[in-house]
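Structure first, commentary second.
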């Protein structure tokens, strides 16, 4: 069986644009189910802007997910999972940045909580000219037995606050749930 969904946004405007889309689906069988916990799926996705972001005076770093997936070998305590993805850092400000850090965290939801988020990779980000972008590759091997299916990866640009930014509200970019 194939199901097609069509999303038609309503009541959006320039001040309150639609930036996230979510959908959920549940299935149920007539027969007994030995694992009913896997019968529900919730996915959310950040929607791409319809045009380029307006330049911000000063330094303003943000980013976007391009790809994200998990590959696994083995099972149970012998499971070896690797999270791989491609991420693009963007400088939408008008002034060259300094050196900074990008950190990737594994989280149970789309919100950063330092008590629960687990650091899986950190990397340096070089100076960026206004309008510049930089591709970052994520490749994080999880501890044996750990699985990230259903979890989220949070990327924090300028994670160490080494660059003074005009706007830090766009520095945490959550992924969709890993499938």
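For this structure, a couple of remarks:
- Theoretical gain in end-to-end length, residue 134 to residue 94 [0.36 nm per residue, Cα-Cα removed]: 12.8 nm
- Where labels lie 7 Å past Cα in the beta-carbon direction, separation of residue 110 and residue 67 in nm: 2.3 nm
- Annotation for the stretch 72-87 versus the stretch 93-147: alpha-carbon center distance of 19 Å.
- Principal axis dimensions, the stretch 52-174 - Cα atoms, whole angstrom, descending: 51, 26, 23
Quick note: the coordinates plus some simple rules give every number you see, no bench work behind them. Here the structure is a predicted model, which means the values were calculated and not measured. Note: ideal-geometry Cβ built from the backbone for every residue, glycine included; neighbour counts use all protein chains shown.
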